[in-house]
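The values are calculated or read from the model by the stated rules, or taken from the named source; none is laboratory data. In this text, all values refer to a predicted model and were calculated from it rather than measured experimentally. Cβ placement follows ideal geometry from the backbone for every residue including glycine, while neighbour counts extend to all protein chains displayed. Just so you know, the surface numbers come from the protein's heavy atoms only, side chains and all, with ligands and any DNA or RNA stripped out. Shrake-Rupley method; radii C 1.70, N 1.55, O 1.52, S 1.80 Å.
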Amino acid sequence: QELLALIDSSASVVEFTRQEGRSSGDGDVRLMSCFADMSQPETVAAALRKYRVKGLFVSMPQALTSGDMAACSEAVCQAVAGIPGGVKVVRLSSYAIEPSEAAPRGQGALGAAHLSAEEALRQAGVPFV
């Protein structure tokens, strides 16, 4: 709902979910749910193409291991890199993932997984923030 309030009235928001057949439930035709599983890059790529996604907001649960997070990030990178015309990626990440003066160790393996995902996007030429 928050995204719908921010975008052009002719645009829509597509929620990717691993729960097939899920309905957005609020009745707004600009809000849709679509099956896509980051452990299956082909489902993400298919959903991106089907809905002609221009911007992808990616948030991963903290419950993932750093290895799972890196694998999911790689899957997103693979899926996005193959879309003609490109997709802009907005990574919703954690505070202090990088080592800094305020957090000298960053977030360890979790932070390293975030940073490797960003590097993979950079290497693939995918625009992201």
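Does the stretch 38-46 contain at least one residue that is open to solvent by 60 Å² or more (accessible area, probe 1.4 Å), at pLDDT 85 or above and not β-branched (Val, Ile, Thr)? Within the stretch 38-46 (the criterion being open to solvent by 60 Å² or more (accessible area, probe 1.4 Å), at pLDDT 85 or above and not β-branched (Val, Ile, Thr)), the answer is yes, since at least one residue qualifies. In the stretch 48-67, of all residues being modelled with pLDDT of 85 or more and open to solvent by 70 Å² or more (accessible area, probe 1.4 Å), the one that is nearest to GLU15 (Cα to Cα) corresponds to PHE57. Of the residues making up the stretch 26-37, none is open to solvent by less than 40 Å² (accessible area, probe 1.4 Å), within 19 Å of VAL129 (Cβ to Cβ) and at pLDDT 80 or above. Here the stretch 68-92 is the region considered, the condition is being farther than 14 Å from ARG49 by Cα and in contact with a Gly (Cβ under 9 Å, 6 or more places away or on another chain), and the residue that is surrounded by the fewest Cβ atoms within 10 Å (Cβ to Cβ) is VAL90.
Here PRO99 meets each of (1) in contact with a Gly (Cβ under 9 Å, 6 or more places away or on another chain); (2) buried (at least 17 other Cβ atoms within 10 Å of the Cβ) with one exception, condition (2). Of the numbered criteria (1) touching a helix residue (DSSP H, G or I) at 6+ places or on another chain (Cβ under 9 Å); (2) open to solvent by less than 60 Å² (accessible area, probe 1.4 Å); (3) of a type in the set (A, V, I, L, M, F, W, C), the one ALA109 fails is (2).
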